[in-house]
Amino acid sequence: MVRCPNCKKGLTEADIEKGICPYCGYSREETTKSTQPEEEKKKEEKQIKIASLGKRFLAFIIDMIIISIIAGIISAFVPELTDEEMGGLAVFLGLCIYFPFFTSIWQATPGKMAVKIKVVDTNLKKASFLIIVLRETFGKLLANFCFGHLWLFSNKDRKEMWDYLARTLVVEK
């Protein structure tokens, strides 16, 4: 990954071709040249590994099982809930509580922790609480109406729609 030497943010192939960092406006001459020795570049590339589709899917399944168990426990205390209300409760628990809570504190839900992946911002740092809330609530809700999961198959970083909205990546720990 090529980074702008001025602001240290990651640059896409399109940014490099344009020759100007979209974040700070740094000029082409410096953004296309590497300021790191080859050994450091290789070391950095090895450290950053995008999470596989299989790991992401398995993490999702684990998280859905946990959310279903929590919703089931709640329904035991409120037996008059209909199936539709139980479904709504599970969606609310997942989008508004479970995913934002775990991801904002530990960068991963229990499912992601189990398969050793985590969510980071484009600088490979822990994303802010507001970014995580945007990603996990609005981004995922919007993506479900726009086939946002399919974006995963159209890019090398395996980013889903909410990853683009929040400028996040899911990487191996």
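The values are calculated or read from the model by the stated rules, or taken from the named source; none is laboratory data. This is a predicted model, so every value here is computed, not measured. Using ideal geometry, Cβ is built from the backbone for each residue, glycine included, and neighbour counts are taken over all protein chains shown.
Things worth noting here:
- Residue pairs whose Cβ atoms lie under 9 Å apart, sitting 6 or more positions apart in sequence or on different chains, and linking a residue in the range 1-15 that is closer than 16 Å to Asn155 by Cα to a partner that is acidic (Asp, Glu) and modelled with pLDDT under 80, are Met1/Glu44; Met1/Glu45.
- Positions within the range 66-82 being among the small types (Gly, Ala, Ser) and under 27 Å from the mean Cα position of the chain (by Cα), in sequence order: Ser68, Ala71
- Those helices (runs of 4 or more DSSP H) of the range 93-167 in which 2 or more residues are within 18 Å of Ala59 (Cβ to Cβ) and within 12 Å of the chain's Cα centre (by Cα) occupy 99-106, 161-166.
- Cβ-Cβ under 9 Å pairs, at least 6 apart or on other chains, the range 159-172 side within 15 Å of Leu11 (Cα to Cα), far side part of a strand (DSSP E or B): Arg167/Asp121; Thr168/Val119; Thr168/Val120; Thr168/Asp121; Leu169/Ile50; Leu169/Val119; Leu169/Val120; Leu169/Asp121
- Residues of the range 100-137 that are out of contact with any Leu (no Cβ under 8 Å at 6 or more places or on another chain) and either more than 18 Å from Lys173 (Cβ to Cβ) or of a type in the set (Asp, Glu) (or both): Pro100, Phe101, Ser128, Phe129, Leu130, Ile131, Val133.
- Number of residues in the range 1-22 that are closer than 14 Å to Arg167 by Cβ and of a type in the set (S, T, N, Q) equals 1.
- Being surrounded by 14 or more Cβ atoms within 10 Å (Cβ to Cβ), of a type in the set (D, E, K, R), under 21 Å from Leu53 (Cα atoms) and in contact with a Gly (Cβ under 8 Å, 6 or more places away or on another chain) holds for only one residue in Lys159, Lys112, Lys140, Lys118, and it is Lys140.
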